[in-house]
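Structure record follows, encoded as C-alpha cells.
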Amino acid sequence: MTPSETNRDGTPDPARPARSADPGHAGSPAWELLLPAASAPARTRGRSLQAALREAVRTGRLAPGTRLPSSRDLAADLGVSRGLITEAYEQLTAEGYLRSGRGAGTWVGGAVRAAPPRARDLAPRSPGTRADFVPGTPDLSLFPRAAWSAAQRGVLAEMPHQDLGYPDPRGLPRLRTALAELLARRRGVVADPERIVIVSGVAQATTLLGFVLHARGLHTVGVEDPGSPQHDALYASAGVTTVPLPLDDEGLVVGPLRDLGVRAVVTTPSHQFPTGIAYSAHRRTELLDWARSVDGLVLEDDYDGDFRYDRAPVGALQGLDPEHVAYTGSVSKSLAPGLRLGWLLVPESLADEVVERKRTMDLGHPTLDQALFARFVERGDYDRQLRRCQRAYRERRDALVATLEEHFPGAEVAGIAAGLHVIAALPPRYGPQDGFLARVAAAGVAVRPLTDYTHARGEHDEERGVRLVLGYAHLSPARIRAGVRLMAQATDG
C-alpha cells in the first residue's frame with residue numbers, strides 16, 4: 001500500500017482504493033486523450049483541456065477511483081503551464097467529476113456514471129421488411145428541397161430582427177394571412193386570420209382542444225370507429241375520454257351521438273380515415289344540426305383533403321358552420337411530417353382559450369419556420385407541390401388497384417379515389433385474416449388490417465374475411481407491384 005492510500009497516522013483510507021499501477025504519465029493511454037486539447041490554440045487551450053478531461057470521466061475512460069498525476073507532472077508531460085492543469089482540476093472538482101484532499105492528490109470521483117454509447121432513435125420504422133404498406137407516410141423524396149432552400153435564403157435575408165423574438169402565440173400574421181387565403185381558395189373554409197393558430201401538427205391541435213374542452217367541463221369526446229388510433233392517447237393527456245361512434249356508408253351515424261349525450265366529436269368528413277368514404281351531403285347536414293342543437297363542437301381533421309383523383313375535392317365542413325366546427329390540417333402529407341407544422345381554425349367562442357393554452361404550452365411556433373412557409377405559400381410553391389404530389393399519388397393508387405386485381409382476383413377496393421391509402425377487401429379464400437397476416441409477415445411484407453383501427457373486434461370480423469388498409473404514397477409504382485407480388489406468393493404457398 002502506497003503512502004497516498006493511507007491516512008497521516010498510517011491507517012488505510014477507505015475513500016482511496018488501492019491501485020496496482022499509477023497511470024499518471026503522458027505516455028499512458030489514459031492521458032493520450034488530452035494531447036489534442038493540449039495542442040489547441042492558446043486562447044482556448046484551458047477550456048479544451050477541461051472538456052477533454054470531463055469527457056474522459058463521463059464516458060468511463062477514466063474510471064472512478066483513478067488517481068490523477070500531480071498538476072506539475074501532467075503539465076510537464078503535456079507541455080502546458082501548470083496553471084492550466086491546476087485550473088482544470090479545480091473546475092472539475094467543483095463540478096463533482098474529481099475529488100481531492102489535502103496531501104492526498106486528485107482522484108476521479110464516484111458520482112459520475114458512464115454515458116450511454118449512443119442516442120436511441122424512437123422514430124416509427126418497419127425494420128426488416130421487403131415491402132411496407134403501412135399507411136400514414138407520404139413520399140419524403142418528393143420534398144421540394146431546392147424551392148425550400150431558396151425560400152429559406154429569402155426569408156433570412158428579409159426577415160426583420162424583431163420577428164426572431166417571442167411570437168404571437170397564434171403565429172406570425174404573415175403566415176396566418178397567407179393560410180387564410182389558401183384555405184378559403186382550396187378548401188372552401190371561412191378563414192379569418194385572427195382565428196387561425198399555427199400548431200405543431202394535427203396532434204397538437206387535438207390536444208389543445210382537449211384541454212379547452214376539459215376546462216369547460218366536457219370530459220368526453222366522440223370519435224369515429226374505425227378511426228385514428230392516436231385520438232385516445234391525445235385526449236387522455238388532456239383528461240378527456242373518447243367514446244367510439246359507428247359509421248355507415250354515409251359517414252358518422254348521428255343517432256348514437258345524440259343518445260350518448262356527448263357535445264364534441266372528431267371527424268374526417270372529406271376522406272374518412274381509414275374507411276376512405278366521404279360524408280354525404282345529408283350526413284353533413286345531420287351532423288351540423290346536432291352540433292347546433294346541443295351547442296356542440298365538431299373537430300374536422302382535413303388530413304388529406306387536397307388529394308382527390310377523380311374529381312375536385314369536396315369542400316370542408318367548416319365552411320357550412322364556422323361557429324360549430326374547428327378545422328385543422330398540416331403539411332405532414334403534402335411536405336413532410338418532420339416539419340411539425342399545421343394550423344387550427346377555431347370558432348370565435350373558443351379562440352381566446354385556445355390561444356392562451358397555446359401560449360402556456362410552448363410560447364408559440366418557431367418564427368423562422370413560419371416565415372419560410374408563408375413565403376412558400378405566397379409565391380405559389382405550395383400549390384405547385386400539391387399538384388406534384390397529386391400526380392404522383394394518383395399514379396401510385398392506380399398501380400396498386402391494378403396490381404391487386406391481377407394478383408388477388410376478386411379483391412374489392414373500397415372508398416373514394418383520394419388520399420394516401422386504400423381499403424382492400426380480399427375474397428374469403430384468403431382468410432382467415434390472422435393466418436393471412438402471419439404468412440405475409442413471414443414473407444417480409446408489412447400490412448395493417450382494418451381491425452387495427454377499430455376500438456373492439458366484432459364477433460363477425462372473421463366472417464368478413466381479410467380487409468387491409470394499404471398505404472401507397474411512399475412507394476414507387478415498381479415497389480408497389482413487387483410488394484403485392486410478394487403478398488400473393490406468400491398466400492398462394
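Scanning for something under 30 Å from GLY483 (Cβ atoms), out of contact with any strand residue (DSSP E or B) (no Cβ under 9 Å at 6 or more places or on another chain), open to solvent by less than 30 Å² (accessible area, probe 1.4 Å) and part of a loop (DSSP other than H, G, I, E, B), does region 92-114 turn up at least one residue? No, the conditions are met nowhere in region 92-114.
Quick check on GLY201: is it in contact with a Ser or Thr (Cβ under 6 Å, 6 or more places away or on another chain), at positive phi and in contact (Cβ under 8 Å) with a residue 60 or more places away in the chain? Criteria met by GLY201.
Restricting ARG284, ARG340, ARG388 to those that are touching a helix residue (DSSP H, G or I) at 6+ places or on another chain (Cβ under 7 Å), modelled with pLDDT of 95 or more, surrounded by fewer than 17 Cβ atoms within 10 Å (Cβ to Cβ) and not aromatic (Phe, Trp, Tyr) reduces the list to ARG388. When we screen PRO322, PRO313 for residues that are modelled with pLDDT of 95 or more, open to solvent by 10 Å² or more (accessible area, probe 1.4 Å), part of a loop (DSSP other than H, G, I, E, B) and in contact with a Lys or Arg (Cβ under 9 Å, 6 or more places away or on another chain), the only hit is PRO322.
Quick grid of which residues meet (1) more than 14 Å from LEU341 (Cβ to Cβ); (2) within 22 Å of the chain's Cα centre (by Cα); (3) modelled with pLDDT of 95 or more; (4) among the polar types (S, T, N, Q):
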position: GLY136; (1), (2), (3), (4): yes, yes, no, no
position: ASP139; (1), (2), (3), (4): yes, yes, yes, no
position: LEU142; (1), (2), (3), (4): yes, yes, yes, no
position: TRP148; (1), (2), (3), (4): no, yes, yes, no
position: PRO160; (1), (2), (3), (4): yes, no, no, no
position: LEU164; (1), (2), (3), (4): yes, no, no, no
position: PRO173; (1), (2), (3), (4): yes, no, yes, no
position: THR177; (1), (2), (3), (4): yes, no, yes, yes
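Does at least one position in region 41-51 carry a residue that is surrounded by 13 or more Cβ atoms within 10 Å (Cβ to Cβ), in contact with a helix residue (DSSP H, G or I) (Cβ under 9 Å, 6 or more places away or on another chain), hydrophobic (A, V, I, L, M, F, W, C) and modelled with pLDDT of 90 or more? Looking through region 41-51, at least one residue is surrounded by 13 or more Cβ atoms within 10 Å (Cβ to Cβ), in contact with a helix residue (DSSP H, G or I) (Cβ under 9 Å, 6 or more places away or on another chain), hydrophobic (A, V, I, L, M, F, W, C) and modelled with pLDDT of 90 or more.
Put simply, of VAL440, VAL445, VAL469 the only residue that is crowded, with 17+ Cβ neighbours inside 10 Å, more than 30 Å from ALA146 (Cα to Cα) and touching a Gly at 6+ places or on another chain (Cβ under 8 Å) is VAL445.
Residue-wise test of (1) β-branched (Val, Ile, Thr); (2) over 30 Å from VAL422 (Cα atoms).
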position: THR44; (1), (2): yes, yes
position: LEU68; (1), (2): no, yes
position: GLU90; (1), (2): no, yes
position: LEU98; (1), (2): no, yes
position: VAL108; (1), (2): yes, yes
position: VAL112; (1), (2): yes, yes
position: ALA123; (1), (2): no, no
position: ARG130; (1), (2): no, no
position: LEU140; (1), (2): no, no
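On the basis of being in a strand (DSSP E or B), within 31 Å of the chain's Cα centre (by Cα) and β-branched (Val, Ile, Thr), does VAL262 make the cut? It is false that VAL262 is in a strand (DSSP E or B), within 31 Å of the chain's Cα centre (by Cα) and β-branched (Val, Ile, Thr).
For region 115-129, filtered to residues that are in contact (Cβ under 8 Å) with a residue 40 or more places away in the chain and out of contact with any helix residue (DSSP H, G or I) (no Cβ under 6 Å at 6 or more places or on another chain), the residue that is most open to solvent (accessible area, probe 1.4 Å) is GLY128. So which residues in region 132-152 are open to solvent by less than 30 Å² (accessible area, probe 1.4 Å) and either without any contact (Cβ under 8 Å) to a residue 24 or more places away in the chain or not in a loop (DSSP other than H, G, I, E, B) (or both), if there are any at all? Within region 132-152, LEU142, ALA151 qualify.
So which of GLN390, GLN370 is at negative phi and in contact with a Phe, Trp or Tyr (Cβ under 8 Å, 6 or more places away or on another chain)? Residue meeting the stated conditions: GLN390.
Taken over region 356-380, the criterion of being of a type outside the set (Val, Ile, Thr) and surrounded by fewer than 17 Cβ atoms within 10 Å (Cβ to Cβ) is satisfied by GLU356, ARG359, MET361, ASP362, LEU363, PRO366, LEU368, GLU378, ARG379, GLY380.
The values are calculated or read from the model by the stated rules, or taken from the named source; none is laboratory data. Model, not experiment: these values are computed from the prediction. Positions of Cβ are backbone-derived with ideal geometry, glycine not excepted, and every protein chain shown enters the neighbour counts. Surface accessibility is based on the protein's heavy atoms, side chains included, excluding ligands, DNA and RNA. Shrake-Rupley method; radii C 1.70, N 1.55, O 1.52, S 1.80 Å.
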